[in-house]
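Down below is the structure, laid out as structure tokens.
The values are calculated or read from the model by the stated rules, or taken from the named source; none is laboratory data. From a predicted model like this one, the values you see are computed outputs, not experimental measurements. Ideal geometry is used to build each Cβ from the backbone, glycine not excepted, and the neighbour counts take in all protein chains shown. What goes into the accessible areas is simple: the full protein's heavy atoms, side chains included, and nothing from ligands, DNA or RNA. Shrake-Rupley method; radii C 1.70, N 1.55, O 1.52, S 1.80 Å.
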Amino acid sequence: MSLLNPWFLLATVTVAVPVFLHLFQRRKSVRLSFPALRYLERMEREHAHEIRFRQLLLLVLRIAALILLVLAAARPLIPGPGSAHRPTAVALVLDNSMSSGLVDGDLRVLDRLKAVAGMTLDAAGPEDRFWIVRAGAPWEPATPASREEAHAIVDATEVTAARGDLTAALRRASELVGTSELPAREIHLVSDLQASAFDPSAPSPAGEIPVLVWRPEGADADNRALVELLVGSGLAPVLGQPAELNVRISESSESSSPVGVRALMGGRIRGATSVPPGAVATLPLPTSEPEWVVGSVEADPDRLSLDDRRYFAFRVRSPPNVEVVGSPGRFVEDALAVLNEANRIGMASGTMASAVRIAVSGAGLQNAPPAGAVVVVPPADLTRLPALNVRLQSAGVPWRYEPPTTSGTATIEGEGLPPGLDGVDVRSWMMLDRSGESVVPSRIVAEVAGDPWAVETATAEGVPVLLLASPLDASSTSLPVSAGLVRFLAWVAGGWNDPGGTGLEHVAGEPLPVPAGVTHVVDPTGDTTRIDGTRAVASTGTVGLYRFLAGDSTVAWAAVNTQASESDLARMPEEGLHQAVGENLAVASNPDAWRESIFVERTGPEIWWPLILLAGLILLAESRIAAAGHRPAAPSIRSEPAQAHGDS
């Protein structure tokens, strides 16, 4: 048994009152016996034992009544399932990510998860406080809420297109309830438990706070999704050449039948084909004048509809002019000549403005074209690194080159590698290190053996810069002697510094960068938002096309799509939950188990009302016994000193 208000036990000292009255408050007097009273005295002596027993019984009843009233005020609990518990701070992690939109029977997965969350709230008391952490909307704040307010938040929760990062959500939940002053804390994880939503390598995200996990029964659901869409295989479309879309369908364990896909632009079908699961298909698109091309590709629908459509937005433009400063090597020169002959690029000469400058050893970095971009290729001669670092520092680039610290051969890796880098081996590479704190944004595009190999950054004046860690020669990397060099240089010339040119996909749930000069953004639902100083759109839970405006003019488009990993519905095995969440957890697979597990350390029905009822019965019995034992007191004569009378 436990107590909700144990400090009330200090009131048990009140039992001393009837004991004191019983022992020390008796009336004392000296009685003189007269013959007429001797009979009454004999009767009193004969009933003295009965009187003492009655007085002792009354004392016990009064003490018992006081103790019962004190216990009732302390609010004792009997261990076991129930609704009474100490005031508890609960972080309710509700997974409303894209996968929760799967239709399971007649309901969505999210509807079933909301019902489980409702069981927690129904068992809560008025003194509990809740933080609703929506795993599919990490940009939303989570504020303390009462039981009724939390019910309203849960009921209003809808599916987003974002990925659910449950490790980050649990860490956030732990931080929220950790600030509470309530005596008890718990985290309730209500999710479909996608394995891809956890980071098993991260330390226990919940710390020492108990975690109750909902794990529904049944086998993992199968899902077929449109998981990839590339514009021109990742190369920028140029004017006068056909554009194409490359689409890939995920593999399915339930069906191997081809899936119909369609490309739509302006509400009209512009291309259609069928794709076997796991395969890639190509859809041609018409292009004309230099302009933005927007649309979508849709596949035949299934039980999870959000990943059956992907959006694209790219800009058709004239071939970019490329300028080379220094000697990049014979392989690079030959590849640029091939691209020039194919009308994919133009070679800048004389006073012609260049869109991209290839700067060997950083030459020409200081006077980079404001409207262009710079690609820095390091020298093979290590003695020239100090001069390169001086050029980087002068231009305000927050990176520096250091001599190699490792040797051997490694393969270039990274998520969303640029075209041409898949399977490329590197034999020698410089170390790219940040040079102090800087507000200039940077992104690692490719890695080799855990070290940066390609880094996107910028100068102090905002000119985009791409840093490569290896010279583009055959002794440093296999790229120059592979067919990927041409595709990589095509991407370098017209893609990395112009996301609109490659139809770059943005991931739902992650901040969407805003081009310079934009004042408003129109989301896929048609709502217009003014851009603030952060230069990013934080709320990207809706997939579709985002339109950027400068005043009333459209300056750019961005396509936001679901993350491919969110379409994999394989669940985390129960043994893996202990590694991903921590050992201080309990797992429930059905509603009864959930109700028995919530507030497990403090649950149980309160028994204060039976104690008060019993105390009332005892007091009633005490009053009856006291009334039955009341009799007229035997007369007693107090002896008083005689008064002296003098003779007159």
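Overview of values
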{"read-out": "Table column - 3J(HN,Hα) (Hz), the stretch 142-157, Karplus curve with 6.51, -1.76, 1.60, x for Gly and Pro", "value": "10, 10, x, 9, 6, 4, 5, 5, 5, 4, 5, 5, 5, 5, 8, 6"}
{"read-out": "For the stretch 117-181, accessible area per residue (1.4 Å probe, heavy atoms of protein chains only), Å²", "value": "42"}
{"read-out": "Counting DSSP beta bridges with both ends in the stretch 504-595, the antiparallel % (nearest 5)", "value": "85"}
{"read-out": "Ordering of 510-516, 264-270 by packing [mean C-beta count within 10 Å, highest first]", "value": "510-516, 264-270"}
{"read-out": "Efficiency of FRET from Cβ geometry, L264 and N343, R₀ 22 Å, rounded to 0.05", "value": "0.15"}
{"read-out": "Charge context of A299, other residues only, Cβ under 11 angstrom, K/R +1, D/E -1", "value": "0"}
{"read-out": "Solvent-accessible surface (1.4 angstrom probe) belonging to I153, in square angstrom, nearest 10", "value": "60"}
{"read-out": "Local net charge near L226, Cβ-Cβ under 13 Å (Lys/Arg +1, Asp/Glu -1)", "value": "-4"}
{"read-out": "Amide hydrogen neighbours beyond the local backbone of D300, cut-off 5 Å, H modeled", "value": "G260"}
{"read-out": "³J(HN,Hα) computed for each position of the stretch 204-220 - Karplus, 6.51 cos²θ - 1.76 cosθ + 1.60, integer Hz, glycine/proline x", "value": "3, x, 9, x, 8, 6, x, 10, 9, 10, 8, 10, x, 7, x, 7, 5"}
{"read-out": "Distance histogram in 5 Å bins (all Cα pairs of the stretch 331-480, percent per bin)", "value": "2, 9, 18, 22, 21, 17, 9, 2, 0"}
{"read-out": "Whole-number accessible area per residue in Å² for the stretch 320-419, which is evaluated in the context of all protein chains at 1.4 Å", "value": "48"}
{"read-out": "FRET efficiency, E574 to D155 (Cβ-Cβ, R0 30 Å, nearest 0.05)", "value": "0.55"}
{"read-out": "For D106, net neighbour charge (Lys/Arg +1, Asp/Glu -1) across residues whose Cβ lies under 15 Å away", "value": "+2"}
{"read-out": "J(HN,Hα) series, the stretch 461-475, from Karplus relation 6.51 cos²θ - 1.76 cosθ + 1.60, nearest Hz, glycine and proline x", "value": "8, x, 6, x, 9, 10, 9, 9, 8, 10, x, 8, 10, 5, 6"}
{"read-out": "Residue order for H506, H188 - accessible surface, 1.4 angstrom probe, largest first", "value": "H506, H188"}
{"read-out": "Under-5 Å amide H pairs with A556, H placed in peptide plane, nonlocal only", "value": "F548"}
{"read-out": "Theoretical gain in end-to-end length, T12 to R54 [0.36 nm per residue, Cα-Cα removed]", "value": "12.8 nm"}
{"read-out": "Approximate spin-label separation E291-T525, in nm, with each point projected 7 Å along Cα-to-Cβ", "value": "3.0"}
{"read-out": "Nearest-0.05 FRET efficiency for V440 and R384, computed from C-beta distance (R0 25 Å)", "value": "0.55"}
